[in-house]
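As structure tokens, the structure follows; a few thoughts come after it.
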Amino acid sequence: MKKHLIAPSVLAADFTKLGQQIELVNNSEADWFHIDVMDGSFVPNISFGMFIIKAIKKIATKPLDVHLMIVNPEKYIEEVREAGADIISVHYEACPHIHRTLQQIKATGAKAGVALNPGTPVSVLDDILEDIDLVVLMSVNPGFGGQKFIYRTIEKTRALKEQITIRNTNTMIEIDGGVGLQNAEVILKAGADVLVAGSSVYKSEDPVDSISRLKNIIADTIIT
Ligand code: DX5
Ligand code: ZN
């Protein structure tokens, strides 16, 4: 049985005290750090780049799951890996040569992920599923934290999970956007392995407790 994971999204952290916000996750039950890189071109927003990834890597005690929302991601794969990424996800919509880009990520030693926008069907992955370590299903339109979960993602998760089971690949499914205590159960039941949680963790009164509650939902939902 695969382990189910929680990945707090640093985008929702208070950057005036970034060190403290990273330590908080270090000292929680969370599994990965989800790190959103936005370029103002693939998505309408600009977040941060190598400089911040490197700073986080210095103190993070858990893997860095880097989500590249950028055009031409193949230009930056090696640099992102050197900055400290353990998992690198690129957008299907930004990669005309997705198979090649996945091999490029793996050649650096990182795990390779593909992210799909809400409007992109999971069937586009049919011919590359065996090459993917992580599928990031966007449950909001990428670019901003704090948006509402798009419910259609549940159907997409089920369909993708079915394919993974039939083909017996090791691919993990990560759900990204609008995830929190209110919908974690239904998302897990649909077949998700990793829950990204930005606002529902960092903007809550007690982030460590919110992580712990999400972990409890995993324990109650997943029968091992
Ligand atoms: C959206 C990002 C998400 C976002 C999640 O473009 O990819 O990772 O930070 O934040 P919440 O959980 O607040 O929707
Ligand atoms: Zn993300």
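The values are calculated or read from the model by the stated rules, or taken from the named source; none is laboratory data. Only a predicted model underlies this, so the values are computations on that prediction, with no experimental measurement involved. Cβ coordinates were reconstructed from backbone atoms using ideal geometry, including for glycine residues, and neighbour counts include every protein chain displayed. The protein model used for the area step is the full one, side chains on, heavy atoms only, and it has no ligands, DNA or RNA in it. Shrake-Rupley method; radii C 1.70, N 1.55, O 1.52, S 1.80 Å.
In nanometres, what is the gap between the two model label sites at E162 and A219, each 7 Å from Cα along Cα-to-Cβ?
3.3 nm
So what is the relative contact order for segment 5-215, in percent, with contacts set as C-alpha pairs under 8 Å and at least six apart?
Details: 428 pairs, mean separation 45.7, N = 211.
Averaging sequence separation for qualifying contacts and normalising by length gives 22 percent for segment 5-215.
Taking Cα pairs under 8 Å and at least six residues apart, what relative contact order does segment 59-156 come out at, in percent?
Taking the mean separation of contacting Cα pairs over the length of segment 59-156, I get 23 percent.
If you roll a 1.4 Å probe over the chain with all protein chains in place, what percent of the accessible area is carbon or sulfur?
For the chain, the apolar C and S fraction of the accessible surface comes to 51 percent.
Share of antiparallel DSSP beta bridges in segment 5-215, in percent to the nearest 5?
In segment 5-215, DSSP labels about 5 percent of beta bridges as antiparallel.
Could you provide, to the nearest whole Å², the per residue accessible area of segment 99-224 with probe 1.4 Å?
46 Å²
At what distance in angstrom do the alpha carbon centres of segment 168-224 and segment 132-153 lie from each other?
Each part reduced to its Cα centre gives a spacing of 13 Å.
Give me the one-decimal nm value for the distance between modelled label points at I128 and N27, 7 Å along each residue's Cα-to-Cβ direction.
Here the modelled spin labels are 4.1 nm apart.
As a test of the formula, what do you get for the chain when each DSSP H run with n ≥ 4 contributes -39,500 (n - 2.57) and the sum is divided by the residue count, at 222 nm and rounded to the nearest 500 deg cm²/dmol?
Numbers: 8 runs with 78 residues, N = 224.
The per-residue figure over the chain is -10000 deg cm²/dmol.
Among all the lysines, which ones have a C-alpha under 21 Å from K54's C-alpha, if same-chain residues fewer than 8 places away are not counted?
K17, K62, K75, K106, K111
Taking only C-alpha pairs under 8 Å that are 6+ residues apart, what is the relative contact order of segment 99-149 in percent? Walk me through the intermediate numbers first.
Details: 47 pairs, mean separation 19.2, N = 51.
Here the relative contact order equals 38 percent.
Per residue of segment 76-91, in order, report the coupling 6.51 cos²θ - 1.76 cosθ + 1.60 (Karplus, θ = phi - 60°) as ³J(HN,Hα) in whole Hz, putting x for Gly and Pro.
Values per residue, Gly and Pro as x: 10, 3, 5, 5, 5, 4, 5, 5, x, 6, 9, 10, 10, 10, 10, 7 Hz.
Rounded, prolate or oblate, given the Cα gyration tensor of segment 5-215, with a/c below 1.5 counting as rounded? Could you put the intermediate results ahead of the total?
Values: a/c = 1.56, a/b = 1.14, b/c = 1.37.
Here segment 5-215 falls in the oblate category.
Quick one: in segment 40-161, what % of C-alpha pairs are over 17 Å apart?
57 percent
In debye to the nearest 20, how big a dipole does the chain give about its Cα centre with +1 on each Lys and Arg Cβ and -1 on each Asp and Glu Cβ?
It comes to approximately 80 debye.
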